[in-house]
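Written out below as structure tokens is the structure these notes cover.
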Amino acid sequence: MNNIPYGRQRITDEDIHAVVETLRGDFLTQGPKVKEFEEVFAEYVGSKYAVAVNNATSGLHLAVLSLGVKKGDRVITTPITFAASANCVRYIDGEVWFADIDPDTYLLSLKSVKKLIESKPVGFFKGIIPVDFAGLPINLEEFRSLAKEHDLWIIEDACHAPGGYFIDSKGVRQNCGNGNYADLGIFSFHPVKHIACGEGGMVTTNSKELYDKVSLLRTHGISKDNMRENHGGWYYEMQDLGFNYRLTDIQSALGITQLRKNDEGVVRRNVIAKVYKKAFDQRIKYQYLPDNSYNAHHLFVIEVDNREGLYEYLKKYNIFTQVHYIPVHKLPYYKSIGYKGSDLKHAENYYSKCLSLPMYPTLLDEEQDFVIEKVFSFYGIKS
């Protein structure tokens with residue numbers, strides 16, 4: 001059996017043609033493909049605005065900056081995420097506070113966040129960064145209600161979830177990153193994600209003010225909007241201290257063609273998930289799917305005893321699984337600055353058992369059957 005990784009990009013002739021055409025064109029960066037990608041992506045998720053960036057970490061950084069987060073501001077997020085969800089707050093010397101996860105969905109627990117907020121004085125926290133972990137949408141309607149009550153902003157880390165959605169209390173479909181309940185949304189275009197640009201990211205919002213701020217900071221804080229009559233076309237002004245977080249036209253061309261295939265890819269991911277669930281039902285725990293939610297399935301995570309043993313066993317058969325994630329508060333950097341795992345028992349229990357199995361649209365049926373067979377073989381489960 002060939003190598004079966006936990007994730008894999010899918011590059012087609014359409015993608016290659018789009019990149020080659022851009023390479024033959026006049027612009028490799030800051031050209032028309034970037035704007036086109038932003039427009040089609042905003043339309044896809046249902047947001048008013050989208051800003052393409054060089055990666056999702058940059059997008060998170062720009063998001064907190066655009067919201068005015070400053071030194072000492074306290075922000076709540078989940079410990080079960082990639083470190084960037086927390087690091088963006090640390091970049092500006094803010095404080096990260098971790099709330100626990102729901103033990104079944106693995107998403108940031110509303111109950112835990114509420115308890116944390118209410119344990120502190122009014123105004124102690126400034127915002128919340130929930131994560132659509134593994135592709136499962138978090139119910140942002142509920143979080144928005146809590147945030148509004150305590151005057152907090154919300155950044156939705158939707159890096160795992162383009163194509164995911166939940167149905168709100170009014171029966172309306174809310175696409176991940178559409179900006180209806182969060183101030184900003186962040187997406188990733190890393191190769192193992194749904195939309196592979198090599199590297200890349202997108203910031204979405206329905207706020208013109210935040211859109212303008214993110215756009216300005218993305219490009220060194222430089223603008224030509226205030227050109228004066230006495231200056232030529234070369235004139236520009238640096239309005240703020242920004243960064244070079246731009247995405248190229250080459251990557252944008254790839255992103256456009258990748259986006260066209262995303263719905264098809266998400267459907268296939270859900271077919272794969274259904275097969276896993278049918279095999280593992282009542283035998284091995286997997287991520288719970290709440291009613292009225294559609295999981296985009298960046299990952300398929302199971303919880304098992306002797307996780308390390310299974311990991312090594314599968315590797316012998318060229319099945320390469322992964323752990324998502326080491327809790328952020330347990331990483332050496334965060335431990336070195338005093339972060340501890342108080343009241344995060346569900347996150348730590350999850351980490352002791354979690355394993356991500358192969359999940360990507362080009363996973364063959366026979367490859368998935370082989371993965372399931374080997375998981376059962378390790379635990380002595382009859383298929």
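The values are calculated or read from the model by the stated rules, or taken from the named source; none is laboratory data. What you see is a predicted model; the values in this text were computed from it and never measured. Cβ atoms come from the backbone with ideal geometry, glycine included; neighbour counts cover every protein chain shown. All accessible areas refer to the heavy atoms of the entire protein, side chains included, with ligands and DNA or RNA removed. Shrake-Rupley method; radii C 1.70, N 1.55, O 1.52, S 1.80 Å.
If you take all other residues with their beta carbon under 14 Å from the beta carbon of residue 54, and give Lys and Arg +1 and Asp and Glu -1, the sum is -1.
Averaging the Cα positions of each part gives two centres, and for the range 366-381 and the range 27-91 these lie 39 Å apart.
Provide the percentage of antiparallel DSSP beta bridges, counting only those with both residues in the chain; round to the nearest 5. The antiparallel proportion sits near 65 percent. Our helix-only sum for the chain, with -39,500 (n - 2.57) per DSSP H run of n ≥ 4 divided by its residues, gives a mean residue ellipticity at 222 nm of -11500 deg cm²/dmol. Of all the options 313, 276, 181, the one that moves most in a Gaussian network model of the chain with Cα springs shorter than 10 angstrom is 313. Note that the range 200-281 presents 52 Å² accessible area per residue, ligands and nucleic acids not counted, probe 1.4 Å. Exceedance of the 19 Å cut-off in Cα-Cα distance is limited, within the set 111/345; 71/345; 70/126, to 71/345.
Can you send over the carbon and sulfur percentage of the accessible area for the chain, probe radius 1.4 Å, protein chains only? Solvent-exposed carbon and sulfur of the chain make up 50 percent of the total. Counting charges near residue 149 (Lys, Arg +1; Asp, Glu -1) among other residues having Cβ under 15 Å from its Cβ returns a value of +3.
Averaged per residue, what accessible area in Å² does the range 143-186 show with a 1.4 Å probe, protein chains only?
37
Magnitude of the charge dipole for the range 123-217, about its Cα centre and with charges confined to Cβ atoms of Lys, Arg (+1) and Asp, Glu (-1), is about 140 debye. Between the Cα long axis of helix 208-218 and the first principal axis of the chain there is an angle of about 90°, rounded to the nearest 10.
Seen from residue 5, the other residues with C-beta closer than 12 Å to its C-beta sum to a net charge of +1, counting Lys and Arg as +1 and Asp and Glu as -1.
Between the Cα long axis of helix 56-66 and the first principal axis of the chain there is an angle of about 50°, rounded to the nearest 10.
When the charge dipole of the range 178-262 is built from unit charges on Cβ atoms (+1 for Lys and Arg, -1 for Asp and Glu) and taken about the Cα centre, the candidate among 192, 253, 207 whose Cα reaches farthest toward its positive end is 192.
Within the listed set 101, 319, 337, the residue fluctuating most in the Gaussian network model of the chain (springs between alpha-carbon atoms under 10 angstrom) is 337. Annotation for the range 154-222: trypsin sites (Lys or Arg not before Pro) lying in DSSP loop with at most 11 further Cβ atoms inside 10 Å of their Cβ are 170. For the range 12-69, the direction-averaged projected area of the alpha-carbon convex hull comes to 5.1 nm². Helix 307-316 and the long axis of the chain differ in direction by around 90°, with both axes built from C-alpha atoms. P(r) of the chain in 10 Å steps, Cα pairs, percent per bin? Calculated over all Cα pairs of the chain, the distribution is 5, 23, 31, 25, 12, 3, 1, 0, 0 percent. When 153, 97, 234 are compared by accessible area at a 1.4 angstrom probe, the order from most to least is 234, 97, 153.
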